[in-house]
Structures are given as C-alpha cells and as structure tokens.
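Down below is the structure, laid out as structure tokens.
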Amino acid sequence: MESVKSQSYEVHIGALAQAALNQHVEKKNYSKIFVLVDENTRKFCLPEFSKTFTGHIDEILEIKSGEEQKHIHTCLSLWEQLSNFDGDRKSLLINLGGGVLTDMGGFVASTFKRGIDFINIPTTLLSMVDASVGGKTGVDLGSLKNQIGVINQPQMVLVFPEFLKTLENRQVISGFAEMLKHGLIKDAEYWDVLKNEGAFSDPTNIQRSIALKNEVVMIDPTEQGLRKILNFGHTLGHAIESYCLENYDKKTLLHGEAIAIGMILEAYLSHELQGLSRLSLDEIKTTFLHYFDRVSFNEHDIDAIMKLLKYDKKNSHGDVNFVLLHGIGNAVTDIKVPENLILKAFAYYMD
C-alpha cells in the first residue's frame, strides 16, 4: 500500500506506518514523547500501538471521548499537563484517536510553546479519510463547530486499518459518509464503486479517499478556492449537527450522520440551482438513506437550523455560501441559496 504525499508530510498506511514512525522518532531525538488518548483508544488501541512503537513514551495524556469535549477548557487542561510534565519545544505529541482528538491534539500542539511537533494516528474511519489530510486543527465554540483553530501540518499521519475492528458499526458508517462525499465532489467512478459495494473498511478505498482529498488540499492548502469543495454537505450538515448537540430532546448525531443529511439537502439545492439531474438527485438520496436512518425535523427545528447557518466558516460579507454539484463528480463553490429553497430541500429529504 503506497503512502500519500501531502504538502510537508506523508500519510503512511499499514506496515509502512509502523516503520515510518520508528525511523522518524529515532532521527529526531525528541526531549519528551507524549501520547494523547481518550478512554476508548487507551483501552482498545494503545496496547497495540505500544507493541509496535520502539520509542519511549514519557507520559500518556487522557481526555474523555465525544464532541462535547472539543472545547478550549479541555485544551487548557492539556496545556497545563504538558507544562507540568516538563514539555518543551523539542517535545512530540502523538494523537491516537478519532477526529475530535486529532483536531484538538493538533491545536494543542500547534499552540503550546508556540508550536511543538505532532503526529496523528486516526483510529476511526472518519478521521482516517477526512481529518488525516489538510492540517486543520481546532475546537468548537459552544455548540458551534470548529470556530477556533489554525491550519498547521503534522509531521506525519499513520493509518492502521486494523483499528477499525475496535469500532461500533455506527461509527464506521459515519466515516463512510465522507468517502461517499469524495466521490460526489470529484470522482463519479469512485462514487459508483462505493454505492454499489459499500466496502467501508477496504484499505484500497481508504487510500483512494485520502488521495482524493490530498489532491485538492495540495492545490489549495489554505482554502481560498478549490478546497471549499470538500465542504459539500457541511453547510447544512454542520448546522444540523450543532442543533442536535445543543437540544437534548434530539438524538445526537455523529458527524457523518449529520453530513449525510446535509448532502441530500444540498443535492436538492444543486438540482434546483446548478442543473444536477433529477436522476442523480434521487440516486444520491436513495444511497444515503440506504446507509443512514432518516431523521425527522419539524418547522421549529428547521427554523433554528437556518439561524445557525450564519456561523458557517465559509460565509463572507454576511452571505451564506454553499458548495453544490453540477453533476456527480463535479462540484462548484460560493453559491448563494434563497431561503425558500432550503425549506423545499427539507421537504424533499423528509418525503
């Protein structure tokens, strides 16, 4: 399995990952090596990682799992621990966990002592195919997703597909939403492979998703243009995710579950505004509803979700900007959408 070369680092998969990590640590001679885990990765992933890692782990830092931990107070605790354990600018932080942990761990490393090295080892499918590439780090502001952060590249990303065996099926399918997105925005053939075969945990498909995202990020590392296509489904999806997170009577959705809804909604907008065919629209809806349960939204829910759109990071000059599809495999950015069409999109989704 070939590594994927990103801007200043590589994503290594499987046996290559183990060798790359041990060679890197031996070469760099770090003063301290810290490993950040949550209670799940400490139990299910850390023992396996420790067997293959030839370096010396100085301290294990542990946080609770879940999106609700992804805030500045958790970072404050981690900064204090790094300081108390004599972390310095020559220290290394290895982030062993899903997207919440790698996003936050990358942010903590990027800001401690004005920046120390970090390595991401994503342990969920979502973090392997999404958070592993691009250097986005950060935390939520209240229930608003990823409002605080920096773009900063890790030393390397290591993908061990066997960690997927430790996950509940719901977590794996959540990551599959991002893989389907990669096909929708850039590779119609890949979309066809995934929708027909599933094959969530196939290392070949994981590598293909990483490579597709990497192609986009290499061209536009700071999201000035092309990189925005990676946000397809995320404008409404993030608003839905935030709304469900702060309303305890709603089922808390995993990221991929919310983004799957967002992609159906934004596919409808694409049909109305960008010429996506009705056939493709219905194919997108049918595919996502095959893997993800439909969620019910009433008028009050939709109104609250619409209000949250103003916090989307892609907005500029007071406008909400959408990524839409001309066709499967062909995305366009910076599209303004009338409010009444968003209401129609929800009606289509729930029909």
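It is to be established whether one or more residues within region 120-140 are under 28 Å from GLY256 (Cβ atoms), more than 16 Å from the chain's Cα centre (by Cα) and not acidic (Asp, Glu). Checked against the condition, which is being under 28 Å from GLY256 (Cβ atoms), more than 16 Å from the chain's Cα centre (by Cα) and not acidic (Asp, Glu), region 120-140 yields no hits at all.
Just to verify a result, which residue in region 1-20, among those that are in a loop (DSSP other than H, G, I, E, B) and touching a strand residue (DSSP E or B) at 6+ places or on another chain (Cβ under 6 Å), is surrounded by the fewest Cβ atoms within 10 Å (Cβ to Cβ)? Outline the logic, then answer.
Looking only at region 1-20, we keep the residues that are in a loop (DSSP other than H, G, I, E, B), and these are 1-3, 6-9, 14.
Going one step further and asking which of them are touching a strand residue (DSSP E or B) at 6+ places or on another chain (Cβ under 6 Å), we end up with 1, 3.
Numbers: MET1: 15, SER3: 20.
Of everything passing the filter in region 1-20, MET1 is surrounded by the fewest Cβ atoms within 10 Å (Cβ to Cβ).
Of the residues screened, MET218 is one that is under 19 Å from LYS181 (Cβ atoms), open to solvent by 20 Å² or more (accessible area, probe 1.4 Å), at pLDDT below 95 and not in a loop (DSSP other than H, G, I, E, B). If you go through region 97-119 and keep only what is open to solvent by less than 10 Å² (accessible area, probe 1.4 Å) and of a type in the set (S, T, N, Q), you end up with just THR102.
Looking at region 131-161, which of the residues that are among the β-branched types (Val, Ile, Thr) and part of a strand (DSSP E or B) is nearest to PHE34 (Cα to Cα)? Outline the logic, then answer.
Filtering region 131-161 for residues among the β-branched types (Val, Ile, Thr) gives 133, 137, 139, 148, 150-151, 157, 159.
From the residues that got through so far, the ones that are part of a strand (DSSP E or B) too are 139, 148, 151, 157, 159.
Numbers: VAL139: 20, ILE148: 23, ILE151: 21, VAL157: 16, VAL159: 19 Å.
Among those residues, the one meeting the criterion is VAL157.
Selection over region 58-68 of residues that are under 26 Å from ALA17 (Cβ atoms) and open to solvent by 40 Å² or more (accessible area, probe 1.4 Å) gives a count of 4. Scanning region 194-210 for residues that are surrounded by fewer than 19 Cβ atoms within 10 Å (Cβ to Cβ) and either modelled with pLDDT of 95 or more or among the polar types (S, T, N, Q) (or both) yields ASN196, SER201, THR204. Checked against the criterion of being under 18 Å from PHE53 (Cβ atoms), polar (S, T, N, Q) and modelled with pLDDT of 95 or more, region 72-90 contains not a single residue that satisfies it.
The values are calculated or read from the model by the stated rules, or taken from the named source; none is laboratory data. Since we're looking at a predicted model, the values are computed, not measured. Note: ideal-geometry Cβ built from the backbone for every residue, glycine included; neighbour counts use all protein chains shown. The area values use the complete protein model at the heavy-atom level, side chains included, leaving out ligands, DNA and RNA. Shrake-Rupley method; radii C 1.70, N 1.55, O 1.52, S 1.80 Å.
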